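The values are calculated or read from the model by the stated rules, or taken from the named source; none is laboratory data. If you're wondering where the values come from, they're calculated on a predicted model, not measured in any experiment. Cβ coordinates were reconstructed from backbone atoms using ideal geometry, including for glycine residues, and neighbour counts include every protein chain displayed.
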Amino acid sequence: MHYDEIERRFPGGHDRWFAGGGVERLPGPTGESMTEVRQRIVAACEAIAARHAGERVIVVSHGWALAVLVAAWHGWDPVETFREQRLRFDNTAVTIFELNENGRRCTQLNCTSHLDGASSNNDGRA
């Protein structure tokens with residue numbers, strides 16, 4: 001459900017959710033809490049990393065889930081990170097983590113250099 005739909009069906013619900021740090025479930029039938037997203041995205045990425053140890057893999061996600069993952073892997077307080085919106089990711093941005101026996105390291109965060117020089121037409125084609 002889009003945020004506009006949430007606001008229409010649950011007036012003030014989106015703002016309360018943000019103000020509360022995403023601890024409660026986002027209003028609506030499929031709403032998740034930040035904690036639920038964190039558990040799901042961390043578990044998924046760690047399972048992928050374990051299955052593909054030593055390999056290069058690509059994981060595609062939307063910005064909010066990626067921000068929750070980056071915060072978790074950096075050990076940042078999830079509620080404050082969410083409430084303050086410390087991390088925002090641009091559409092099509094690239095973030096790279098290296099995982100090995102020494103741990104995790106973010107080597108690129110929200111990179112959009114692949115868009116340099118890109119132009120857009122009114123019909124949405126690049």
| said: Which residue is modelled with the highest pLDDT, if the candidates are limited to the stretch 99-126 and must be loosely packed, with under 10 Cβ neighbours inside 10 Å and aliphatic (A, V, I, L, M)? | reply: A118
| remark: The condition from (1) more than 18 Å from A49 (Cβ to Cβ); (2) in contact with a strand residue (DSSP E or B) (Cβ under 7 Å, 6 or more places away or on another chain); (3) modelled with pLDDT of 90 or more; (4) not basic (K, R) that I96 misses is numbered (1)
| said: Take the residues in the stretch 1-24 that are assigned to a loop (DSSP other than H, G, I, E, B) and surrounded by 14 or more Cβ atoms within 10 Å (Cβ to Cβ); name whichever of them is nearest to the chain's Cα centre (by Cα). | reply: G22
| request: Please enumerate the residues belonging to the stretch 81-95 that are within 12 Å of the chain's Cα centre (by Cα) and of a type outside the set (V, I, T). | output: F82, Q85, R86, L87, R88, F89, D90, N91, A93
| field | the stretch 30-59: number of residues that are of a type in the set (G, A, S), assigned to a helix (DSSP H, G or I) and buried (at least 16 other Cβ atoms within 10 Å of the Cβ) | value | 1
| note | Condition set in a helix (DSSP H, G or I) and among the aromatic types (F, W, Y), scope the stretch 62-93, selection surrounded by the most Cβ atoms within 10 Å (Cβ to Cβ): answer is F82
| query | Taking the stretch 21-34 as the search range and keeping residues that are touching a Gly at 6+ places or on another chain (Cβ under 8 Å) and at pLDDT 80 or above, which one is farthest from A65 (Cα to Cα)? | reply | R25
| request: Please indicate, with yes or no, whether at least one residue in the stretch 2-14 is at pLDDT below 90 and under 18 Å from E80 (Cα atoms). | output: yes
| task | Kindly establish whether P27 is without any contact (Cβ under 8 Å) to a residue 24 or more places away in the chain, surrounded by 15 or more Cβ atoms within 10 Å (Cβ to Cβ), more than 16 Å from T95 (Cα to Cα) and not hydrophobic (A, V, I, L, M, F, W, C). | result | yes
| query | For the stretch 17-69, which residues satisfy the criterion of being in contact with a Leu (Cβ under 6 Å, 6 or more places away or on another chain) and aromatic (F, W, Y)? | reply | W17
| query | Somewhere in the stretch 67-83, is a residue in the same structural domain as H2 (by TED's automatic domain parsing) and basic (K, R)? | reply | no
